[in-house]
Amino acid sequence: MAEAIDRSRDFGRVGIMNRMRTGLLIVVAASLLTAGCSKKEEVRPDDAAGVGLEGGGGPGGPQIGKYGAGGNGGKAYGGTGGAYGGGAYGSGGGDPALNDPSSPLYKRVIYFGYDSSEVLPEYVPIVNAHAAYLASHPNVTVTLEGHCDERGSPEYNIALGEQRARSIANTMRFQGASDGQMQIVSFGEEKPADPGSGEAAWAKNRRVEIVYPGN
């Protein structure tokens, strides 16, 4: 009889231990599931896009300043490319290639589709040519001026102009130009190339201008 009671107690202990192990496994599984959900909740839209953001540009990009009146109502970005000098053509203004109509460097306006910051395929070779030039002339700097057409709010267009300029800067960086060689300014809709209204004018205003000092 005592032996039967002992066996019953042993079975009881085993059952309790099994239930404890099962409970522990459930707790661990729940913790892992909760951690996985937390990570998913922390995922946000890509801040590198920068539309409507006032913070920094993050690693691997020009530093970003806050929106402000700035010169001519634009939004300026405080990269380190403001110091010129040194090299054969210091600021780039004295290089004949920049003023040669037969050179791709002569083309310095990149146009965009409506409400888009994507660099269109036909302009990629031009952007790449400027990137290669910057990579081979580390003392040369450029300002990338983002512009929009008149549609949309001023705040939205400032942000969109920024994103267009940053798209050009990112493409140039991937091709070897350094962040310190590039500065970004967004003018939004404030400096239209064509003051008219309609698609013909708007198409000319959706652009980024690549500006070399002295050119």
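The values are calculated or read from the model by the stated rules, or taken from the named source; none is laboratory data. These figures come from a predicted structure and were not determined experimentally. Ideal geometry is used to build each Cβ from the backbone, glycine not excepted, and the neighbour counts take in all protein chains shown. Ligands, DNA and RNA are stripped out before the accessible areas are found, and what is left, the full protein with its side chains, is counted by its heavy atoms. Shrake-Rupley method; radii C 1.70, N 1.55, O 1.52, S 1.80 Å.
Which ones in segment 169-210 are closer than 19 Å to Ala132 by Cβ and touching a helix residue (DSSP H, G or I) at 6+ places or on another chain (Cβ under 6 Å)?
Once the filter is applied, which keeps residues that are closer than 19 Å to Ala132 by Cβ and touching a helix residue (DSSP H, G or I) at 6+ places or on another chain (Cβ under 6 Å), segment 169-210 yields Thr171, Met172, Gln175, Gly176, Ala177, Gln181, Met182, Val208, Ile210.
Condition first: open to solvent by 30 Å² or more (accessible area, probe 1.4 Å) and touching a strand residue (DSSP E or B) at 6+ places or on another chain (Cβ under 7 Å). Now tell me which residues in segment 146-157 satisfy that.
Residue satisfying the conditions is Pro154 alone.
Considering only segment 98-215, give the helices (runs of 4 or more DSSP H) lying wholly within it that have at least 3 residues that are hydroxyl-bearing (Ser, Thr, Tyr) and in contact (Cβ under 8 Å) with a residue 40 or more places away in the chain.
Answer list for segment 98-215: 154-174.
Of all residues in segment 107-137, count the ones that are open to solvent by 20 Å² or more (accessible area, probe 1.4 Å), within 19 Å of Gln181 (Cβ to Cβ), in contact with a helix residue (DSSP H, G or I) (Cβ under 7 Å, 6 or more places away or on another chain) and not aliphatic (A, V, I, L, M).
Here the count works out to 1.
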